[in-house]
Amino acid sequence: MSVTLPDGFVWGVAGAAHQIEGGNWNNDWWAFEHTPDSGCVDVSGDACDSLHRYPDDIALAAGLGFDTYRFSLEWSRIEPEDGEFSRAALDHYRRMLATCHELGIAPVVTFHHFTTPRWMADRGDWAEPAVVDKFTRFCERSVAHFGDLIAMACTINEPNIVSLMGYLTGRFAPGRRDFALYGKVNEHLRDAHRRSYEALKAGPGDFPVGLTLSMSDWYTPEGGEEGLERARAMHEDFFLTPTRGDDYIGVQAYTRTRIGLDGLPMDPDPDGPTVESMGYEYWPQSLEAAIRHAIDVTGNPVYVTENGIGVDDDAVRIKFVTEALAGLGRCLADGLDVRGYTYWSLLDNFEWAEGYKPRFGLVSVDRDTFERTPKPSAAWLGALARANELPESAVGA
Ligand code: BGC
């Protein structure tokens, strides 16, 4: 028995500029990767050369049967210096959008996916209040140039990861560890979402706009409930609450967060399965928990804008997605408004501080020739997308 999903449910694959384009030397991440002691395993270099090969990538995604292709704009290409906009870069992204339409796949555009131009980074990156105006202006200029071709937009991808990893743990650009700064950055990101949301709605085109958030399932031993609530409120609800009334909320879930009795994150359960490349728990149940929490807090329609696993063994990927989709199916059975599922990622790509080791892709990429080779999971998930069905083994799970 299989379960057919509601009409209009969309299936997608995703990527992000810095992780696949290559040569994004003019942003804070490139600078960070090249900083000794940053902890980065690799530099992004040519990435997947998608800057030039995007027609192949879009054709691959469309050919596999997906409805949407999610990609991000590289702010540092479109605005290489403060206030200086590149007509050529704007035209490039317009061509990408047009290619999606020509190939029959709907483009989902992310306006900020972790990277900020160097000129903004030099002024303090997300810690500098002016970033809100600067980011809004970038959104206005971009949407004016190609808003008519956008099918759906995300303002800022995982603002809670930008602040947590960039300003608290120091694992991501700009590598800061400062609690006071972290608080400020959160505020700027939240304000930038609100302002850019309005800017995108005011521009040409008529498409849903939302925020995509990193979410998880949360666990604490008995007695830790208060600490868990505090941590979740800071990491998730701070960003969820102000999105109430947005067109949608984008849910992204990969693993579980464990909070100890001291209110701080704990290591993964030593007895449970882990995703070795990422050092976190194998926890497909996170998707269901995240969808339910996002709807509880916002009341918005949900699109799953990222879910996936970074493993070499493709059979494990199929198992993980099957289990995650079972949770999505339970949400639908309960009448929750979930409108789509996007797998992260189409390609094996630059996994930030972890470099090229984690393989999230449905498609592998030869690091010397950039040749793309679909894995079995690509055809498997594409077939579900075409049929608009949950996998048989997920039903009743
Ligand atoms: C990010 C992606 C990343 C993925 C897998 C999300 O946090 O949006 O850029 O590659 O997770 O770790």
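Where a number appears in this text, it was derived from the coordinates with a stated rule and is not lab data. Here the structure is a predicted model, which means the values were calculated and not measured. All Cβ positions, even for glycine, are placed from backbone atoms using ideal geometry, and neighbour counts span all protein chains on display.
Summary of computed values
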{"quantity": "Cα principal axis extents for region 238-397, largest first, Å", "calculated": "46, 44, 30"}
{"quantity": "Label zone at ALA98, where the point sits 7 Å out along the Cα-to-Cβ direction: region 62-88 residues whose backbone N lies under 17 Å", "calculated": "87-88"}
{"quantity": "Convex hull (Cα only) mean projected area of region 12-113, reported in nm² to one decimal", "calculated": "6.7 nm²"}
{"quantity": "Share, in percent, of DSSP beta bridges within region 3-394 that are antiparallel, nearest 5", "calculated": "20 percent"}
{"quantity": "Segment ALA383-ASP296, length gained on full extension (0.36 nm per residue, minus Cα span)", "calculated": "28.2 nm"}
{"quantity": "Contact order normalised by residue count of region 309-379, Cα under 8 Å, 6+ apart, percent", "calculated": "30 percent"}
{"quantity": "3J(HN,Hα) from dihedral phi, region 4-12, Karplus parametrisation 6.51/-1.76/1.60, rounded to Hz, x for glycine, proline", "calculated": "7, 8, x, 4, x, 5, 10, 10, x"}
{"quantity": "Inter-label distance for ASP368 and ARG230, nm, one decimal - labels placed 7 Å from Cα along Cα-to-Cβ", "calculated": "5.4 nm"}
{"quantity": "Long-range HN-HN contacts of MET152 with modeled amide H, under 5 Å", "calculated": "VAL109"}
{"quantity": "Enclosed volume per residue, in Å³, of the convex hull spanned by Cα atoms of region 28-87", "calculated": "125 Å³"}
{"quantity": "Magnitude of the charge dipole, region 333-397, Cβ model with Lys/Arg +1 and Asp/Glu -1, debye to 20", "calculated": "120 debye"}
{"quantity": "Inter-part distance where region 342-397 and region 159-207 are each reduced to a Cα centre, Å", "calculated": "28 Å"}
{"quantity": "Residues with amide H under 5 Å from that of GLU158, placed H, sequence gap 5 or more", "calculated": "THR212, LEU213, SER214"}
{"quantity": "Inter-probe distance in nm under a simple model that places probes 7 Å from Cα toward Cβ, at ARG244 and MET266", "calculated": "3.2 nm"}
{"quantity": "ASP337-GLU222 FRET efficiency (beta carbon distance; Förster radius 30 Å; 0.05 resolution)", "calculated": "0.35"}
{"quantity": "Cβ-Cβ FRET estimate between ALA180 and SER86, R0 fixed at 25 Å, reported to 0.05", "calculated": "0.10"}
{"quantity": "Globularity ratio of the chain, using Cα Rg and 2.2 N^0.38 Å", "calculated": "0.92"}
{"quantity": "Ratio of the Cα radius of gyration of region 283-370 to 2.2 N^0.38 Å, where N counts its residues", "calculated": "1.23"}
